[in-house]
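Quick notes on the structure that follows.
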Number of protein chains: 2
Amino acid sequence: HYLSERLSKDWIFLTACGIIMALISFAMDEGIRLFIKARFWFYNDITGDPFARYFAWVAIPVLMILITTSFIHYWAPQAAGSGIPEMKTILRGVPLKNYLTFKTLVVKVLGLTCVLGSGMPLGKEGPYVHIASIVAHLLSKLATPFRSIYQNESRSTEMLAAACALGLGTCFAAPIGAVLFSIEVTTTYFAVRNYWRGFFGCVVGASAVRLLAVWFQGADTVTAVYPTYISTEFPFDSRELVFFALTGALCGLLGASFVWVHRHYVLFIRSSTKLNKFLQKNRLIYPGMLALLISTLTFPLGTGQFLGGDISTENQLTQLFSNFTWTEKDLSEKQAKIVAQWSTKYTSIFSNLIYYTLYHYFLSIIASTMAVPHGMFIPALKIGSGFGRLTGEFVAWMFPLGVRYGNCMSPIMPAAYAIVGAASFAGSVTHSISVAVVVFEITGQIAFVVPVLVAVLVANAVASLLQPSMYESVIMIKKLPYLPDLLYTSSSMYNKQVSDFMLRDVKYIWQGITYQRLAEVLRMNKKLRSIPLVDSPEKMILIGSVQRQELVKLIEEQIGREKRMEMAQKWRAEELREQAAERRPSRFEVVPAPDPQKLSLMQNSRQLNDSLNSVHSNSEACQRSTFQSIFKNSSDSDLDLELGSNEHLQPVVSPSKRVQLIGDRVVDMSPEGKRLWELDQLSRPIDFYSASARIDPSPFQLVESTSLLRVHSLFSMMGVNHAYVTYIGRLVGVVSLKELLKAIEDINNQRFEPHAAREQQ
Amino acid sequence: HYLSERLSKDWIFLTACGIIMALISFAMDEGIRLFIKARFWFYNDITGDPFARYFAWVAIPVLMILITTSFIHYWAPQAAGSGIPEMKTILRGVPLKNYLTFKTLVVKVLGLTCVLGSGMPLGKEGPYVHIASIVAHLLSKLATPFRSIYQNESRSTEMLAAACALGLGTCFAAPIGAVLFSIEVTTTYFAVRNYWRGFFGCVVGASAVRLLAVWFQGADTVTAVYPTYISTEFPFDSRELVFFALTGALCGLLGASFVWVHRHYVLFIRSSTKLNKFLQKNRLIYPGMLALLISTLTFPLGTGQFLGGDISTENQLTQLFSNFTWTEKDLSEKQAKIVAQWSTKYTSIFSNLIYYTLYHYFLSIIASTMAVPHGMFIPALKIGSGFGRLTGEFVAWMFPLGVRYGNCMSPIMPAAYAIVGAASFAGSVTHSISVAVVVFEITGQIAFVVPVLVAVLVANAVASLLQPSMYESVIMIKKLPYLPDLLYTSSSMYNKQVSDFMLRDVKYIWQGITYQRLAEVLRMNKKLRSIPLVDSPEKMILIGSVQRQELVKLIEEQIGREKRMEMAQKWRAEELREQAAERRPSRFEVVPAPDPQKLSLMQNSRQLNDSLNSVHSNSEACQRSTFQSIFKNSSDSDLDLELGSNEHLQPVVSPSKRVQLIGDRVVDMSPEGKRLWELDQLSRPIDFYSASARIDPSPFQLVESTSLLRVHSLFSMMGVNHAYVTYIGRLVGVVSLKELLKAIEDINNQRFEPHAAREQQ
């Protein structure tokens, strides 16, 4: 049964994707574990000498970063960076070259393993999205039973969106959060119809990853990745919500500044041409230096002791979420051990938490400028939880007895602040609310729904007032052809109309345009991929749009070799027939079959001959000379060439041009004749209705009063690149992605320049 | 500053909505509590006599249901039912009459309080969505500062969608789940831009509701509504996933059958015309009987003891989610108390759970046919958790020692099965996945992410293969103008094209159509709200579409009193002028100013006069008689009436019609003259370009090869009701909601009739 076949295909496809992703993820995790183990083994067990230990600590990261950079530079430059901005663009309908190839997959997987194994302050969520998308793309291409999935473009986009969710699900082992996060981060409009695909993929991916952990890594069962154990009996007092909201606001500010610093750092490096040139020549110097710097800073015997440098990311997060107050006096042995890792004999936990937050804040920005695969989500989580823990410990230190509620005291739980901070900082950097769900899933606790959501909403509001999201910032830096989302609070999008930003100077062609004018239009507008067709330049009624290649084909057909040959042969044949007719009494007995097409062609050529015979003007003299040279054979025959030159000024009907047809020899025109024939051909009008060119009969159309909001919806939902503006059927303008982008930027800039806007008022 | 004003308005609006909803919800909860308390007081404390107790138990529900039914019947029939199907339709862009009025709000709130207070097996999520939407709608109308929100239609839809989420958020006190559930249930395409509004509204609503509980009902703090306390250390063994998936599949079957039974029960009652007539005459009999039946069944001394009849909904759910095995031997006192409520001396917990599940399964279907406000989500949760608990207890009874994992045994936790069952049954009834999140939030535990999601996905797959969702089923029953979603697995939607289902016999008007023909077209197609305009019936190039009322206005203008008067006066004036010209040598010195419009009108009338003077044919004779009667004064003057009748057959230029202008008296034509003048006016062609009628220059256009999927997207995203099908600019067909609905039904029916489809193959 066809339907169930299709159904099973969908879920089989997603299952296959999920299992492959889980295997890749498992292999990568093992690789990362191995690298980190090796590094600690070098550092701990080989030698006691501090310098040797330093060398051991530093060597592996620098080496691995260098290897990754070279890989990426020589093999697959597309594998660098996060991948989410690119996937946003691809899902928007703009295909990017080489982004979904096997080579990119291999380099991205190996590179990410090296980068994370080297202990750089970078994450993996972006690359996972990219990897899952490549897997889905390749799977659909390789396996025959899945091929039908990619037949339909909108379907392939849906599967790609599901793959993005799947990637995130595998990465965090947090299916629900992953689906929601991927929707928020990669799409503008979401078809609820596609919901289940994301969930299904995520559940398969997340379950497979955790089951692999259960079977091969000795994990007990499928639980949260960074579990917390907070009593759900009385998680927080309702008045603490104010503190949580404040933490959220601060995280929002920090997040916006994070995006700002990142973008301006990248732009600064780029703008300094000298530095840029030097770095481009010596591609390995910059990443090598950075890797050295970062691993030096984390050297546990040096500054690393203040940064929790020798704790793995997992342990860092689990410890930051640990449910006891670090400043308390009487701690259990286990608790004291954790506190020992976050304080030194010189510093308290407060200064260590500040160092930790600052280190990750700046160093992950700097590290992300290396051309290696990296994500920014885990670093954002770490910065946020560091900052949140700091706030929490501070509040707990301020109110050591907790908040009084009726007769009982409820103690402050710094872990709650760490969770809130992590969610709201990550939320403000990525401009997403569903990060809250991700945090619930990775901590395995949902007791803090309200505080986390309040903080995340506040952080999002603050951050989106100040800066675009990290992913959109990268899109701006990379100048990807992506349509930014309209900022939800700007009212101008409701007031701005198409007539305010459309391009009025439309290039168009019309029914009955000559081939020559068409060629001119094509030559003048090389960038246009399709050109609108109107009924006439006066009426301007839009009929449709024609692709550039179709138009080029039309011209080629009109003056192409094939048609030329055909005409040359036809006329030749006719002439031969005329010769014969001179000998015979009735010419029509010879004509094999009265093919109407042939007859019309004959008529055509006879008309031409007629017109040649009646010389009236200069232009007609020119035309005449055209057809004088038509009945030449192709230039491969010396004889014909000579004949051609002889006959150049002789009249068409002169007997000297009656050359015998020699076997199968190709009949063609002389170069001059060809030129003139082409000129004639090009001066004819095109009838698009009967021509073979495919006309898109319903290009996207707008009216002048369409609001910017609606245009944006159309462009982003339908993946449209341009739309024509009509007025009662008449073409009056065009809106392309460029114009729309500019209009949106204008509006959004009002937001990011509050001073300017205020002055305008 | 305008922008920040707008921003603040959005969130102020949502905050206001949230607080109002929280207050309403709080008041309703208090009301329900009061009713239940009163009922138990009557039942427990007044008398010991079983019959008196029975009467006390039954009286209040029957009374309240009768009151509610009368209220709804006489005041606001729109307040009956869930509200979600109607909100789906409204959000789809089809306004429903009286659904968002204050009266409906009041009746719905009071009715819901009575219904839930009477202990009917019904829920509240649907009415909450409806109530929140009304609150948002009224708020936007009442409060001046919010008025701008509803200026833009797409914005008002966004706010309404946010209000739906808010309503659910207040209902479950589960913000995230509510947002996701409302997206899944009410929309087809979702703008990620609108995400934050839903979350914000939900957080405000949910927090306010819980804070009110903290402040006024002595709740400790903001926690989950039905909290569970399951160890997160080792929640389940990975092999148990098979049991969970099986539970999901069974719940999916049960859910589909639930929807099927519900629809067929409703259709059965409707189809029996005799019964139907009787019930419509005696509106109170049916609900009264049902209330009596249901409260009799739950009478704690009778059958109620097998159904947990005297436990409140909250306690039922909390107990079903309680984390211990009910069949265990050694129970704590508290645990034993719970088990005692779920078993009698005649029955074990197994049979009680079966009775409980069956009672809720059938009785909530029957109860939902009463015309009272009700939701189906809480009943679905109860049925699901009852069934899940049953499965869990069964599994625990089968494996009393638990599942062996390595060296340790992990016991089966029936509570997990109850959670899984609740989520997957509710998910299969509503066809939503996010119900999983709702369940996590209301239980306050997220440890079972993977099992719950697996079961929900399986249940959804099974249920959507067999039946539409409950809400779509109700839409089908009520025949609301809603576009059903395409079933995600049917491949036909990719293959089916517009040309397969479009209406080829398009009614159209053309540039230059006469007023008469236009009137005919309007008369013949009374249902068309707008008519396509083409350039000519031969070319059929689509220019735009014109609203019916605009066309009617055009005709009215052409033959309306105003124009008639104007013409009558103009001609009269001209005649007077002519009279004057007869006296003066140069007429043109008298004309006050050469107003071009006047001149053309003069010319016009002179042409008419000219044509009248040259009588050629019969039709012209008719025309002539028309204008003979034009220069009559209005019928309010006796003199003129007489004149009119006298002059009827006299020639236009006869001196007898030269009547003096008497002051400001109104100049009008005679009835016969009017008729003829109208006929003449109507026989003229319309120039739509210069006419005052507003043309929609870009009605939605499709081409014949557009896929059903794309048409569906356009219709459901843009709220379009009809679209024209063009071929290279030519109008060839039309697709309206009706055709689309039929096409979708055809495809979906293939799914619901697997046998037929298989035979076709």
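With its label point put 7 Å out from Cα toward Cβ, residue B:687 sits 3.2 nm from the same residue's point in the other copies, in order from shortest. Given a 1.4 angstrom probe, I'd like the percentage of the accessible area of the range A:2-216 that is carbon and sulfur, rounded to a whole number. Here it works out to 70 percent. Summed over the residues of the range A:2-216 and divided among them, the accessible surface reaches 35 Å² per residue at a probe radius of 1.4 Å. Take each residue of peptide B:427-438, count the partner chain Cβ atoms within 10 Å of its Cβ, and average: the result is 2.
Below 25 Å, Cα to Cα, which lysines can residue A:345 reach? Residues fewer than 8 away in the same chain don't count. Within the straight-line limit of under 25 Å, residue A:345 reaches these lysines: A:329, A:334, A:337, A:382. A straight Cα-to-Cα reach below 27 Å connects residue A:553 with the lysines A:97, A:507, A:526, A:527, A:539, A:563, A:570, A:598, A:632, A:674, residues fewer than 8 places away in its own chain not being considered. With a Förster radius of 60 Å applied to the C-beta separation of residue A:738 and residue B:344, the computed FRET efficiency comes to 0.20. Neighbouring Cβ atoms from other chains, within 10 Å of the Cβ of residues in B:445-457, number 6 on average. Counting from the shortest, the label point at residue A:12, 7 Å from Cα toward Cβ, is 5.9 nm from the same position in each remaining copy.
Accessible surface buried at the B:A interface totals approximately 8500 Å², computed with a 1.4 Å probe on protein heavy atoms.
Highest mean packing first, where packing is the average number of other Cβ atoms within 10 Å per residue, the peptides B:537-547, B:114-124, B:322-332 line up as B:114-124, B:537-547, B:322-332.
Max-minus-min Cα coordinates of the range B:315-354 on each principal axis give 22, 22, 13 Å, with the largest extent listed first. In loop segments of the range B:32-100 as defined by DSSP, the trypsin sites (Lys or Arg not before Pro) with at most 15 further C-beta atoms inside 10 Å of their C-beta are B:97. Residue by residue along B:191-202, Cβ atoms of other protein chains within 10 Å of the local Cβ number 6 on average. The Cβ shell under 15 Å around residue B:114 holds other residues with a net charge of +3, Lys and Arg each +1, Asp and Glu each -1. Values of log10 I(q)/I(0) for the range A:2-216 across q = 0.10 Å⁻¹ run -0.46, by the Debye formula with one identical scatterer at each alpha carbon and no solvent.
In the assembly of identical copies, residue A:547 has its label point, taken 7 Å from Cα in the direction of the beta carbon, separated from the corresponding points by 4.0 nm (ascending, one decimal).
Shown are A:51, A:448, whose ranking by accessible area with a 1.4 Å probe and every protein chain present, most to least, is A:51, A:448. Quick one: Debye curve from the alpha-carbon atoms of the range A:266-317 only, equal weights, vacuum; give me log10 I(q)/I(0) at q = 0.15 Å⁻¹ to two decimals. So the normalised log intensities work out to -0.59.
Spin-label model, residue A:261 to residue A:478: label points 7 Å out along the Cα-to-beta-carbon direction sit 2.3 nm apart. Between the listed residues A:571, A:551, A:541, the Cα displaced farthest toward the positive end of the dipole of the range A:540-580, a dipole computed from Cβ unit charges relative to the Cα centre, is found at A:551.
Listed by chain and number, the lysines whose alpha-carbon sits under 17 Å from that of residue B:37, ignoring those within fewer than 8 places in the same chain, form an empty set.
Other residues whose C-beta falls under 11 angstrom from the C-beta of residue A:80 contribute a net charge of +1, scoring Lys and Arg +1 and Asp and Glu -1.
The values are calculated or read from the model by the stated rules, or taken from the named source; none is laboratory data. Model, not experiment: these values are computed from the prediction. Methodologically, a virtual Cβ is constructed for each residue, glycine included, from the backbone with ideal geometry; neighbour enumeration extends over all protein chains shown. These area figures cover heavy atoms from the full protein model, side chains too; ligands, DNA and RNA do not enter into them. Shrake-Rupley method; radii C 1.70, N 1.55, O 1.52, S 1.80 Å.
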